[in-house]
Amino acid sequence: MNAAMTQDAILKISSLQKRYGEVNVLKDIDISMAPGEFLVLVGPSGCGKSTLLSCISGLTDISSGTIHIAGRDRTNDEPADRDIAMVFQSYALFPNMSVERNIGFGLEVRKVNEAEKKRKVAEVADLLKIEHLLHRRPAELSGGQRQRVAMGRALVREPKLFLFDEPLSNLDAKLRVTMRTEIKRIHQTTGASIVYVTHDQIEAMTLASRIVVMKDGVVQQIGTPQEIYNKPVNAFVADFMGAPSMNLMTGTATREGEHVRLQIPTPEGPPLELFDYGPGPETLAAGDTAELTIGLRPEAMTDLGLRSGGMDGRTLQSADCLLDVVEPAGADTYAVVQLGGTEAVARLSADAPVAAGQRVPIAFDLSKISYFDIASGNRL
Amino acid sequence: MLGRRQKREKWILLAPALAVLALITLIPLANTLWLSFTDTRISALPEPVHFIGLENYVYALTDPDFQEALFRTLYFTIVSVGLEGVLGVAVAVLLNQEFRGRTLLRALIILPWAVPTIVNAVAWRLIYHPDYGALNSLLFQLGIISDYRSWIGDPATAMNMVILADVWKNFPLVAYVALAALQTVPEDLSKAAAIEGAGPWKRFCSITLPWIAGPLMVVMVLRTIEAFRVFDIIYVMTGGGPADSTKTASFYVYQEYFNYLRSGSGASYAVLVAGISAVLIVFYYSVTKRQTAGGAA
């Protein structure tokens with residue numbers, strides 16, 4: 001797998017627990033991160049991702065477990081001694097200091113000589129294109145500029161590990177996209193090792209080399225964006241990652257010879273029938289029938305049939321569906337179909353000639369299908 | 001823009017307040033200014049009053065006793081306001097930590113400030129009492145002094161003892177304002193500074209103190225103005241003595257007026273004291289303005 005060895009890992013978290021009194025907010029966290037990786041911690045609010053980051057930084061003490069940074073045990077070290085830098089959601093720029101002094105503060109504290117400090121600050125300012133702002137105060141900067149200064153302050157010390165705590169959450173939607181690209185560019189040019197916390201799964205998908213999905217203080221899945229997206233380990237990950245999220249429909253599966261027959265109930269009449277020629281649910285033996293959750297992403301439910309008519313009948317299968325609601329979204333048109341007890345979303349092309357109330361052939365891409373246990377939510 | 005009618009209404013509505021203000025501030029001020037250019041004396045019998053120009057001022061500015069009183073006042077102001085600032089901020093930082101009983105302690109700490117100055121002065125006079133004062137008893141039992149002393153009866157210690165009493169009474173005000181300001185310091189700033197490697201002292205000096213500087217300045221200005229015109233605590237504790245060692249400018253003015261009954265000359269001293277206060281206020285104001293201009297976002 002991707003887990004790096006302790007000696008090479010830039011960050012290795014082992015059996016980390018964090019309790020506040022009786023409440024266990026982080027449970028048995030094990031994460032290993034290779035140098036140069038962009039690791040994104042993602043999850044809904046209250047999942048413990050920010051607490052975990054705080055534990056890595058040393059601002060929060062952990063209850064048990066160990067944290068190694070660049071091969072050294074940093075579990076009990078002060079934040080200042082961990083060779084890390086952090087970018088805060090609030091930017092946390094020092095309001096009484098100029099941009100130049102803000103960026104150079106860590107060097108100032110470490111008594112780096114003036115010439116060296118000036119050179120490094122200038123270098124970072126150049127990288128972030130903020131040379132013209134060096135003599136301003138934070139109050140005189142826009143949100144995006146403050147964000148750059150905050151990153152500058154982190155970059156200038158060239159630490160082993162960068163921690164980003166929801167750095168883009170305070171920016172407006174447009175600027176967020178710009179800065180996201182900027183962060184990715186900086187990661188590519190500097191090759192820095194970054195742990196990045198966000199609740200925004202798009203940010204996670206676009207930035208990460210690996211994603212850690214968390215829920216209720218437990219790591220659900222660690223993997224590349226593709227692994228997380230295509231092979232979510234459970235229904236929670238499937239639902240959380242991706243927008244619109246994966247359609248999780250309740251249906252039955254029966255293994256019949258070389259295929260698995262899927263039946264998904266519809267409110268208007270006979271169930272929708274599909275045939276999975278892939279491996280199907282691992283636990284399903286020949287001849288068996290089981291009720292389970294069938295997961296298909298919106299882009300695996302398209303109007304390809306409407307346009308080309310070419311179905312191979314194996315990975316791509318067509319079935320007529322009653323469109324409940326049609327939502328044009330510019331680049332795509334989303335259509336809601338009542339399937340398997342949920343409002344399944346199909347992603348149609350923008351110019352699809354469809355309207356609510358029509359029965360339309362929808363192309364199902366069976367190669368993208370996932371199965372989950374109804375009770376546990378685990379991938380089958 | 002206000003119409004002509006509204007303008008008239010505005011003045012009608014303001015008139016009562018202006019009248020009261022004139023009665024209690026402007027008229028006495030003008031009267032004092034006038035007095036300061038005369039040789040008026042307070043007496044039972046009407047005496048002729050002569051306009052004597054700047055004579056009172058020339059006398060006051062060349063009067064070595066008054067100059068000494070001014071320096072004493074300056075000493076009192078600098079030392080007591082300085083100590084109140086340091087103690088106030090230190091206590092505020094402590095009260096800003098999380099510990100059991102914090103709320104209770106926060107409430108208790110304001111008590112000295114709530115005590116009337118006269119009561120405070122009497123209480124401290126008892127504490128300093130040469131025969132049965134608590135301070136003597138404490139220091140004696142700790143072995144720091146071998147004989148009871150007359151703390152406010154000794155010209156060498158009297159002023160500092162008065163300052164101590166004044167600091168005890170007034171530092172809670174500074175502490176409260178500082179505490180309120182401390183609660184607005186964003187936690188992220190301290191965290192960021194900690195990660196950047198700044199120790200507690202560096203964090204305090206570089207982050208916390210600049211953040212609370214504005215509000216702190218305001219309370220320090222208030223305290224400076226109050227301290228510079230100090231009268232009541234000295235009147236009760238030492239009466240300006242011993243040997244004039246606690247005789248401040250305001251006390252000097254008081255004596256000139258009410259002991260020596262020279263209201264003309266007394267008025268000129270009063271105007272001088274007010275003038276110096278005004279200079280201090282302007283100075284502080286400019287400092288405060290500079291602080292807030294570059295201060296909190």
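Overview of values
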| quantity | calculated |
| --- | --- |
| Residue in segment A:268-277 that is most open to solvent (accessible area, probe 1.4 Å), counting only those that are of a type outside the set (A, V, I, L, M) and out of contact with any Pro (no Cβ under 9 Å at 6 or more places or on another chain) | A:270 |
| Checklist (1) away from chain B (no Cβ under 12 Å); (2) open to solvent by 10 Å² or more (accessible area, probe 1.4 Å); (3) in a helix (DSSP H, G or I) applied to residue A:146, failing item | (1) |
| Answer residue from segment B:200-227, given it is open to solvent by 30 Å² or more (accessible area, probe 1.4 Å) and within 10 Å of another protein chain (Cβ to nearest Cβ) and is nearest to residue B:163 (Cα to Cα) among those | B:209 |
| Filter pass, residue B:172 being out of contact with any Cys (no Cβ under 8 Å at 6 or more places or on another chain) and surrounded by fewer than 17 Cβ atoms within 10 Å (Cβ to Cβ) | no |
| Number of the exception - residue A:134 against (1) crowded, with 18+ Cβ neighbours inside 10 Å; (2) modelled with pLDDT of 90 or more; (3) more than 25 Å from residue B:212 (Cα to Cα); (4) away from every other protein chain (no Cβ under 14 Å) | (3) |
| Selection within segment A:149-174 - open to solvent by 20 Å² or more (accessible area, probe 1.4 Å) and assigned to a helix (DSSP H, G or I) | A:155, A:173, A:174 |
| Search result, residues across segment A:86-127 that are under 17 Å from residue B:191 (Cα atoms), of a type in the set (A, V, I, L, M) and touching an Asp or Glu at 6+ places or on another chain (Cβ under 8 Å) | A:86, A:87, A:92, A:107, A:109 |
| Helices (runs of 4 or more DSSP H) wholly inside segment B:1-105 containing at least 2 residues that are among the aliphatic types (A, V, I, L, M) and at pLDDT 95 or above | B:64-95 |
| Filtered residue count, segment B:211-258, keeping only those that are in contact (Cβ under 8 Å) with a residue 40 or more places away in the chain, part of a loop (DSSP other than H, G, I, E, B) and either touching a strand residue (DSSP E or B) at 6+ places or on another chain (Cβ under 8 Å) or of a type in the set (Gly, Ala, Ser) (or both) | 3 |
| Of the criteria (1) within 9 Å of chain B (Cβ to nearest Cβ); (2) touching a helix residue (DSSP H, G or I) at 6+ places or on another chain (Cβ under 9 Å); (3) among the small types (Gly, Ala, Ser); (4) not in a loop (DSSP other than H, G, I, E, B), which one residue A:90 fails | (4) |
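The values are calculated or read from the model by the stated rules, or taken from the named source; none is laboratory data. Predicted model, so just to flag it, every value in this text is computed and none were measured. No Cβ is skipped: glycine too gets one built from the backbone with ideal geometry, and neighbour counts run over all protein chains shown. Ligands, DNA and RNA are stripped out before the accessible areas are found, and what is left, the full protein with its side chains, is counted by its heavy atoms. Shrake-Rupley method; radii C 1.70, N 1.55, O 1.52, S 1.80 Å.
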